[in-house]
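Report on the structure given below.
The values are calculated or read from the model by the stated rules, or taken from the named source; none is laboratory data. Bear in mind that the values here come from a model prediction, so they are computed numbers and not experimental data. With ideal geometry, Cβ positions are generated from the backbone for all residues, glycine too; neighbour counts draw on all protein chains shown. Just so you know, the surface numbers come from the protein's heavy atoms only, side chains and all, with ligands and any DNA or RNA stripped out. Shrake-Rupley method; radii C 1.70, N 1.55, O 1.52, S 1.80 Å.
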Amino acid sequence: MKTLGKLTFCAAAVAACGSILAADLFLAGDSTMCNYQDRQYPQQGWGQALYRFMKDPSKLHNKAIGGRSAKSFKAEGRWQGIVDELKRGDFVIVAFGHNDANKAKAERYSTKEDYKALMKGFAEDVKAKGATIIYATSIPHSGGVTKDDAGVTHVRGSAAGIGPYMDATRELGKELGIEVLDLNAYACEKFAELGQDAVFKLYMRIAPGEYERFPNGNGDGCHTRDTGADFFARAAVTMCRERKLPVAALFKDPADVPLRPIGFDGKPTDSIVRADDFSKEEIAYANSDAPWKTRAWSERRDIGNYNVTLRLGDEREPTENVVKFQGRRLAAQRVLTKPGEFVDFTFTARVPGPYTTKRGDERSNRDLKLLVMTRGGSVKKLAPKVEPAPDARTIYLCGDSTVTDQDKEPWGSWGQILPAFVREGWSVSNFARSGLALKTFEGEGRLKRIMEHLAKDDWVVIQFGHNDQKIKGEEPENGYTKRLESWVDQIRAKGAHVVLVTPVERRRFDEKTGEHFGKTLADYAEAVKAVAAKKGVPVIDLNDASYRMHEKMGVKGSREIQCNNRGKIDNTHHNIYGAYEMARVVAAGLAKIPVVGEAVRERYRAFDPEKPDADPQIPPSGGTDYTKPAGS
């Protein structure tokens, strides 16, 4: 079998960078390695404790983040971020395993074989940059440390299902000639000597009253407190020095670093990493144990576009902010601030005016409504700055239940996520409604309402098909095509522009065999593309993209993006995760179209449906109603 060869730091690399001390050390891993805020004391990852062992702490870059596996760390682009920063002669320590075993989270779970492939890919990436990778096995779960009736401590390092991943790491080390810091095996040996009581004091197993933060105690047997972080960081440094690995030149002699005694109880004064040293990407995880605090604001406004500016942040704590408006419509997926940092977030919203209800009556819709959900920091009254934006352009959405603003959990549609992907100066006005087809949308007067306010150089995005299938005379070759062509002509006559979207495909699998069935809306999708070609308007093929996404995610993974209605998967309607993924497809499609493509924010301009995102974890709001939306 062909191997990567011994991935060691060679003399040529030393010469190229001038000195080994010019090298940087990157860490990739999960919550057992990552940094924690001071307010989360005494919890620390061993990568955080490693700063104290560095001759130059600025050379250590801890990119580990909680809740990640090798699979999700790569899928979220975090691994590529490390690769992009690497220079010749640098080092990377990689440690995963705890989350890779989580079968309940499709975005995290990997089989042992898939895990090995991922870890091998990491090694290839590092070698290509002229750097050195070092593997580390996951630290053991303290739940595997037991004491028998005779008081003898027994240790099982594979507790919590991490055994196969530890084996995979060790096997790869031998196959590829890569150094492995076997923290798991080391701990198992030492834990047996220390005894269960002492071992528990390395972890977040805290007695009631031991720390002010935990008046009722804490039973976390996976994550380490400061003493445990020191234990594992010290072990890693000692292994590197004893093996005379080149990376050891970056470390102090462990004897010169004060030992954190087991059972230490008091806030440290020599911690290198303080609250304001955390990168913004770590704030979300640092706040993960804090509740979401909700602030609402509304104000009556005339019909039109408005630039809304919110000041977000806190004097003392990091904050994580999600901004919604007009109900559950997303304006900002995440705005992160460091302690003492304040960010002015601006987006453009449209007050649509009166709208027609299911019963045909009209209701006023002249309120601008905001909802800010925050973790971290104190609750402050919202005081948005709202200014008319007469020069802003509007993107109107026409569609059915897969496009509309679903106002209750657990439902979601791509139209209510799209605004978060759009820049200031462009508003998204969603006129879609559940259960509608082209004919009934028209019949409710919704197209007429859009036409009344449609301005030159506005855009109208149209997606129908699901409900048109059920109406006689609205077949693709008949009324559907004729009506769609008529809409294009009417909109263009106003000096506005059209984007056609093929209908999102239903999820169709044999739940037992995993067989992926064919498309249910292919004829309508082809009709949309034919109209686009005939009229010379752009088209976004959401039908094919969603079908390929289902295919890639498979029978189990694809369930994660559909609405789970009290245990039953709705194969037509999405949850917020699925709505987010469909919106990514639409945003990437818009980005390719001249003029309207300028509306799409940079980070959302490209998307491969065969490489779906991990769940964005957008917090719920608006209450819960399991009543299925009209349409199927």
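If you go through the range 53-63 and pick out every residue that is open to solvent by 20 Å² or more (accessible area, probe 1.4 Å) and in contact with a helix residue (DSSP H, G or I) (Cβ under 8 Å, 6 or more places away or on another chain), you end up with 6.
Would you confirm whether any residue within the range 452-475 is assigned to a helix (DSSP H, G or I), within 29 Å of Ala599 (Cβ to Cβ) and either among the small types (Gly, Ala, Ser) or open to solvent by 10 Å² or more (accessible area, probe 1.4 Å) (or both)? Checked against the condition, which is being assigned to a helix (DSSP H, G or I), within 29 Å of Ala599 (Cβ to Cβ) and either among the small types (Gly, Ala, Ser) or open to solvent by 10 Å² or more (accessible area, probe 1.4 Å) (or both), the range 452-475 yields at least one hit. Of the set (1) assigned to a loop (DSSP other than H, G, I, E, B); (2) touching a strand residue (DSSP E or B) at 6+ places or on another chain (Cβ under 7 Å), all apply to His573 but (1). Applying the criterion of being farther than 18 Å from Arg423 by Cα and open to solvent by less than 50 Å² (accessible area, probe 1.4 Å) to the residues of the range 342-359, the residue that is modelled with the highest pLDDT is Pro352.
Of all residues in the range 582-606, those satisfying the criterion of being without any contact (Cβ under 8 Å) to a residue 60 or more places away in the chain and of a type outside the set (A, V, I, L, M, F, W, C) are Lys592, Pro594, Gly597, Glu602, Arg603, Arg605.
Scanning the range 309-336 for residues that are open to solvent by 10 Å² or more (accessible area, probe 1.4 Å), touching a residue at least 40 places away in the same chain (Cβ under 8 Å) and in a strand (DSSP E or B) turns up Thr309, Arg311, Gly313, Arg329, Gln333, Arg334, Leu336. Does the range 536-558 contain any residue that is touching a Ser or Thr at 6+ places or on another chain (Cβ under 9 Å) and either at pLDDT below 90 or assigned to a loop (DSSP other than H, G, I, E, B) (or both)? There is at least one residue in the range 536-558 that is touching a Ser or Thr at 6+ places or on another chain (Cβ under 9 Å) and either at pLDDT below 90 or assigned to a loop (DSSP other than H, G, I, E, B) (or both). For the condition modelled with pLDDT of 90 or more and not charged (D, E, K, R), Gly45 qualifies. The residue list Gly89, Gly81 contains one member that is under 22 Å from Ala131 (Cα atoms), open to solvent by less than 50 Å² (accessible area, probe 1.4 Å) and part of a helix (DSSP H, G or I), which is Gly81.
Exactly one residue out of Lys190, Lys244 is outside any helix (DSSP H, G or I) and over 34 Å from the mean Cα position of the chain (by Cα), and it is Lys244. Here is a check on your reading of the model: is Val308 modelled with pLDDT of 95 or more and in contact with a Pro (Cβ under 7 Å, 6 or more places away or on another chain)? Answer is yes for this residue. Restricting the range 480-501 to residues that are in contact with a strand residue (DSSP E or B) (Cβ under 7 Å, 6 or more places away or on another chain) and not in a helix (DSSP H, G or I), the residue that is most open to solvent (accessible area, probe 1.4 Å) is His497.
Residue count for the range 424-440, restricted to those that are in a helix (DSSP H, G or I) and surrounded by 24 or more Cβ atoms within 10 Å (Cβ to Cβ): 1.
Within the set Ala522, Ala532, Ala583, the sole residue that is surrounded by 16 or more Cβ atoms within 10 Å (Cβ to Cβ), within 13 Å of Thr402 (Cα to Cα) and among the aliphatic types (A, V, I, L, M) turns out to be Ala583. For the range 114-122, the criterion of being over 18 Å from Asp615 (Cα atoms), in contact (Cβ under 8 Å) with a residue 12 or more places away in the chain, open to solvent by 10 Å² or more (accessible area, probe 1.4 Å) and in contact with an Asp or Glu (Cβ under 6 Å, 6 or more places away or on another chain) is satisfied by no residue at all. All of (1) open to solvent by 10 Å² or more (accessible area, probe 1.4 Å); (2) polar (S, T, N, Q); (3) within 23 Å of the chain's Cα centre (by Cα) hold for Ser72 with one exception: (1). Across the range 196-206, which residue is nearest to Asp38 (Cα to Cα) among those that are open to solvent by less than 60 Å² (accessible area, probe 1.4 Å) and modelled with pLDDT of 85 or more? Checking each candidate, the answer is Met204. For the residues Gly578, Gly557, Gly567, the requirement of being closer than 19 Å to Ala106 by Cβ, open to solvent by less than 20 Å² (accessible area, probe 1.4 Å) and out of contact with any helix residue (DSSP H, G or I) (no Cβ under 8 Å at 6 or more places or on another chain) singles out Gly557. Would you be able to say whether some residue in the range 184-205 is more than 23 Å from Ala233 (Cα to Cα) and of a type outside the set (Lys, Arg)? Within the range 184-205 (the criterion being more than 23 Å from Ala233 (Cα to Cα) and of a type outside the set (Lys, Arg)), the answer is no, since none of the residues qualifies.
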